[in-house]
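S.K.: Sending over a structure as structure tokens; questions will come in a sec.
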Amino acid sequence: MFSLASIATMAACIFLFGLFFSLVWNFTSIVKGAEEGVGVTVFFEADIEQAKIDEIGDAIKARPEVKEVKFVSADEAWDEFKSDYFGNKAEGLEEGFKDDNPLANSASYEVYVNNIEDQAGLVSYIETLDGVRDISKSDVAAKTLSTVNTLIGYVAVAIILILLVVSIFLISNTVSIAISVRKSEISIMKLIGATDLFVRGPFILEGVIIGIIGAAIPLGGLFFVYEKACTYILTKFSVLASFINPVPRGQIFEILIPVGLVLGVGIGLVGSIITVRKHLRV
Amino acid sequence: MIDLDRVSKAYAKGQPAVDEISLHVDKGEFVFIVGDSGSGKSTLIKLLLKELEPTSGTITVNGQVLNTMKRRRIPKYRRGVGIVFQDFRLLKDRNVYENVAFAQRVIGYPSRVIKKRVPETLRLVGLAEKYKSLPKQLSGGEQQRVALARALVNRPEILLADEPTGNLDPGNSYDIMKLLEEINERGTTVLVVTHNKELVNTFKKRVITMRRGVIAHDEEEGEYIEA
């Protein structure tokens, strides 16, 4: 009876862990996607020579935090501008601005960093380079994403720690009850000459089994529900579909299942070992 | 076999439960330990089982000094010491056979040894026919026989009996004591803590009388001496 209660509570804890794990991973994936889209644009001083531009490009590429550097020529910048702002109606513009690129001094490097946290440092560095006129950056987006990412990390760690402590306490409680129920049997075992391992083994095993069952049930449930839940959320809130691309089930569960099981076994082991060490000294 | 050299055990400040006791028991002896409640008899048994540590003095059993024995050595030591209690302490949900076999299982005997030794031991205590009975289906005397079988099945060199007849009628008490005597005659050293004056006087064994934690009398073929 007590074991069932313990399994149920453990299952609830691991379920919450799994749920949170999936949420964190998906949100991290969204943040990562957004980070990849946030870069800085480096503009050059007027009439700068191509050799100097290449030199600046090499200096930026040499930085370890830089993921990608893309050169955008003045013509490409103008084509992109036309396409972005005028779309199909850009044909008339070509006539008017023939041989006269209004963005003639707008050749640039688009620079993307590996981690958004490194962007500010990189900007400071580029500002010191000779020949750089201006740097266009998205400070607000970078800082917001960075903060949200860190916040999610802290919240995840806090919740997981609380769940761990609660689960260990519950397992410990269950094992204590099992020990008190079998008190007379244990006292006989000790007096007959049973070893520590023989007396403690069954209780430790009980804790581990509670851990495995308590982890397997919610992990199985989450595995079957994950994709249905993602589809339901994206259908119900279609506005999210444009920027959320759920992490594939296989990718999440190839990590969540072993981690969840190890966590379950670990909680069972720690909870039961603490208790038997306290109550079962031969 | 058993040596106590100026052994004391105090639970708290004040009169110690056992006070500077020195005692020697030879291999194969049968000894009654008598005395009033609180005289230190049960503490002495617990010290010999290494359930308690002496406050001072040295206890040596079978050449092993209990004071310095490492914790991991205790189970092996206890396998050489059988114990029976006044309240039998049987496992209520297991039958006679399983109660006796339990003593062998906990120390890892193989099944073939258990299947041979348990019936042998049950025959010794006169319960071969009742091996399937649960403890609640047995009389007090029969339950104590099961407890004795459990204590003996691992063939200990020493048997400690703490008030083994305390819950039994005179007839059953005599039978149990007779059985203990038989076990002793087979070579096991037996120490019996008891209040039973008639039995002590009937069996004419060595009698150690304890009073307020000290040995007041120690006589071969002695008699029960009232406080």
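The values are calculated or read from the model by the stated rules, or taken from the named source; none is laboratory data. Since the structure is predicted, the reported quantities are computational estimates derived from the model, not experimental observations. Every residue, glycine as well, gets a Cβ built from its backbone with ideal geometry; the counts of neighbours run over all protein chains shown.
S.K.: Out of the stretch B:92-109, which residues are crowded, with 17+ Cβ neighbours inside 10 Å and within 8 Å of chain A (Cβ to nearest Cβ)?
M.R.: B:PHE102, B:ALA103, B:VAL106, B:ILE107
S.K.: Just to check your reading of the model, which residue among A:VAL165, A:VAL262, A:VAL208, A:VAL239 is modelled with pLDDT of 90 or more and surrounded by fewer than 16 Cβ atoms within 10 Å (Cβ to Cβ)?
M.R.: It is A:VAL262.
S.K.: Moving on. List every residue pair whose Cβ atoms sit under 7 Å apart, with the two residues 6 or more apart in sequence or on different chains, where the first one lies in the stretch B:32-52 and is at negative phi and the second, anywhere, is among the charged types (D, E, K, R) and assigned to a helix (DSSP H, G or I).
M.R.: B:ILE33/B:LYS41; B:LEU49/B:ARG78; B:LEU52/B:LYS46
S.K.: Got a sec? Which strands (runs of 3 or more DSSP E) wholly within the stretch B:1-103 have at least 3 residues that are more than 26 Å from A:SER184 (Cα to Cα)?
M.R.: So the answer is B:2-9, B:18-25, B:30-35, B:56-61.
S.K.: Something else: Can you name the residue in the stretch A:33-53 that is charged (D, E, K, R) and either part of a loop (DSSP other than H, G, I, E, B) or modelled with pLDDT under 80 (or both) and, of all such residues, is nearest to the chain's Cα centre (by Cα)?
M.R.: By that ranking, first place goes to A:GLU35.
S.K.: Follow-up question, since we're still on this one. For the stretch A:34-50, does any single residue satisfy the condition of being surrounded by 15 or more Cβ atoms within 10 Å (Cβ to Cβ), closer than 17 Å to A:VAL148 by Cβ and touching a strand residue (DSSP E or B) at 6+ places or on another chain (Cβ under 9 Å)?
M.R.: yes
S.K.: If you go through the stretch B:43-89 one residue at a time, how many are more than 8 Å from chain A (Cβ to nearest Cβ) and of a type in the set (Lys, Arg)?
M.R.: 4
S.K.: For B:ALA151, are the conditions met, namely being part of a helix (DSSP H, G or I), within 14 Å of another protein chain (Cβ to nearest Cβ), in contact with a Phe, Trp or Tyr (Cβ under 9 Å, 6 or more places away or on another chain) and closer than 17 Å to B:THR165 by Cβ?
M.R.: no
S.K.: Which condition does A:ILE179 not pass, out of (1) modelled with pLDDT under 85; (2) crowded, with 16+ Cβ neighbours inside 10 Å; (3) not basic (Lys, Arg), if it passes all the others?
M.R.: Every listed condition holds for A:ILE179 apart from (1).
S.K.: Could you check the stretch B:174-209 and list, in sequence order, the residues that are in a helix (DSSP H, G or I) and either among the acidic types (Asp, Glu) or more than 15 Å from the chain's Cα centre (by Cα) (or both)?
M.R.: Residues satisfying the conditions are B:TYR174, B:ASP175, B:GLU181, B:GLU182, B:GLU185, B:LYS197, B:GLU198, B:LEU199, B:VAL200, B:ASN201, B:THR202, B:PHE203.
S.K.: Would you check if B:GLU53 is over 17 Å from the mean Cα position of the chain (by Cα), over 19 Å from B:ARG211 (Cβ atoms) and of a type outside the set (Lys, Arg)?
M.R.: yes
S.K.: Which residue out of A:ILE267, A:ILE209, A:ILE233 is more than 23 Å from B:ARG89 (Cβ to Cβ) and free of Cβ contacts under 8 Å to residues at least 24 places away in the same chain?
M.R.: The match here is A:ILE233.
Results for (1) under 15 Å from A:ILE14 (Cβ atoms); (2) touching a Lys or Arg at 6+ places or on another chain (Cβ under 9 Å); (3) not small (Gly, Ala, Ser), shown as yes or no for each residue.
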residue	(1), (2), (3)
A:GLY214	yes, no, no
A:GLY220	yes, no, no
A:CYS230	no, yes, yes
A:THR235	no, no, yes
A:VAL239	no, no, yes
A:LEU261	yes, no, yes
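S.K.: Give just the number: which of (1) surrounded by fewer than 14 Cβ atoms within 10 Å (Cβ to Cβ); (2) closer than 28 Å to A:GLY201 by Cβ; (3) not assigned by TED's automatic domain parsing to the domain that holds B:GLU163 does B:LYS70 not satisfy?
M.R.: (3)
S.K.: Of the residues A:ILE188, A:ILE192, A:ILE162, A:ILE204, only one is in contact (Cβ under 8 Å) with a residue 24 or more places away in the chain and hydrophobic (A, V, I, L, M, F, W, C); which?
M.R.: It is A:ILE204.
S.K.: Next question, about the same structure. From the list B:LEU23, B:LEU49, B:LEU44, which residue is within 23 Å of A:ARG182 (Cβ to Cβ), surrounded by 15 or more Cβ atoms within 10 Å (Cβ to Cβ) and aliphatic (A, V, I, L, M)?
M.R.: B:LEU49
S.K.: Residues of the stretch A:184-221 being within 47 Å of the chain's Cα centre (by Cα), of a type outside the set (A, V, I, L, M, F, W, C) and within 14 Å of chain B (Cβ to nearest Cβ), which ones?
M.R.: A:THR195, A:ASP196, A:ARG200, A:GLY201, A:PRO202
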